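Have a look at the structure below before the remarks.
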Amino acid sequence: MQKVGFIFDLDGVIVDTAKYHYLAWKKLANELGFEFTKEQNELFKGVSRKRCLEILLDIGNVTATQKEFDTWMIDKNVDYLAYIENMDASEILPDVPRVLAYLKERNIPIALGSASKNALPILEKVKLLHYFDSIVDGNNVTKAKPDPEVFLIAAANLNQNPKDCVVFEDAVAGIQAANSAGMISIGIGDAKVLAEAKFNFNDFTEMDSNFIDGLLRK
Ligand code: B16
Ligand code: MG
């Protein structure tokens with residue numbers, strides 16, 4: 001039987017780090033003299049750090065010199081790293097370890113496909129790193145989601161054809177990236193927001209082994 005590669009996004013799929021990204025961006029916005037709401041933070045899901053800062057400055061109507069821009073990128077990340085410093089396995093989203101263990105027991109190749117440059121330390125903190133055969137993150141790509149680059153590199157690292165890969169994503173840009181790569185896209189979160197996904201689940205507790213077996217028989 002042809003093996004199927006499974007690619008997981010990180011933030012919003014494996015762990016709920018969006019709240020820490022939000023706190024760090026909000027701190028920067030407040031220091032620059034404007035508010036940044038949780039609703040506005042939705043725009044930042046799956047989006048690279050650089051693009052997030054561009055959007056944030058647009059929201060605050062702030063213009064920055066290149067030096068200020070670079071400094072604020074660093075400041076935001078220093079604050080984010082402080083927020084995630086004490087993260088542990090209790091912050092893994094529901095039933096993620098069950099699905100990872102189910103795939104691992106069947107020798108299914110597993111990769112991470114994340115926009116984050118902090119993916120590796122987060123997987124180490126929550127003790128899930130050992131499940132992954134390949135980590136592709138913001139340090140390995142030149143083009144951000146919705147470009148399919150991150151998932152195409154992950155498929156190549158797993159020795160899989162893109163059409164034989166499944167992607168779990170919580171961001172619209174991520175679903176679009178998976179679809180452009182010719183992969184099976186599975187939205188984790190609000191089905192209305194992730195309407196372009198081939199399948200949708202609110203979280204992994206809704207995904208039973210019959211569904212996973214169906215993907216494996218593909
Ligand atoms: P960092 P994902 C993305 O991760 C986040 O959703 C997005 O909010 C964040 O700006 C981006 O990573 C970059 O993260 O600042 O840690 O490099 O959802 O693609 O796993
Ligand atoms: Mg995400």
Residue tally, condition more than 10 Å from ligand 2 (Cβ to nearest atom) and either under 20 Å from Ala177 (Cβ atoms) or touching a Lys or Arg at 6+ places or on another chain (Cβ under 9 Å) (or both), over segment 1-18: 6
Within segment 1-31, track down each residue that is within 12 Å of ligand 1 (Cβ to nearest atom), assigned to a loop (DSSP other than H, G, I, E, B) and touching an Asp or Glu at 6+ places or on another chain (Cβ under 6 Å). Asp9, Gly12, Val13, Thr17
Being over 19 Å from Ile186 (Cα atoms), crowded, with 18+ Cβ neighbours inside 10 Å and among the aliphatic types (A, V, I, L, M) is the filter here, so list the residues in segment 19-56 that pass it. Ala24, Leu28, Ala29, Leu53, Leu56
Just checking, how many residues over segment 171-206 are within 13 Å of the chain's Cα centre (by Cα), at pLDDT below 95 and more than 11 Å from ligand 2 (Cβ to nearest atom)? 0
Would segment 32-48 turn up any residue that is at pLDDT 95 or above, within 16 Å of ligand 2 (Cβ to nearest atom) and part of a helix (DSSP H, G or I)? no
At negative phi, touching a residue at least 40 places away in the same chain (Cβ under 8 Å) and out of contact with any Ser or Thr (no Cβ under 7 Å at 6 or more places or on another chain), is that true of Val193? no
Picking from Ala195, Ala115, Ala191, Ala144, the residue that is open to solvent by 20 Å² or more (accessible area, probe 1.4 Å), more than 25 Å from Lys3 (Cα to Cα) and in contact with a strand residue (DSSP E or B) (Cβ under 6 Å, 6 or more places away or on another chain) would be Ala191
Could we say that Ile135 is β-branched (Val, Ile, Thr), farther than 24 Å from Ile74 by Cβ, surrounded by 18 or more Cβ atoms within 10 Å (Cβ to Cβ) and at pLDDT 95 or above here? no
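The values are calculated or read from the model by the stated rules, or taken from the named source; none is laboratory data. Just so it is clear, the structure is predicted and the values come from calculations on it, not from any experiment. Cβ sites come from the backbone with ideal geometry, for glycine too, and all protein chains shown count toward neighbours. Each accessible area value is taken on the protein alone, full model and side chains, heavy atoms only, with ligands, DNA and RNA left out. Shrake-Rupley method; radii C 1.70, N 1.55, O 1.52, S 1.80 Å.
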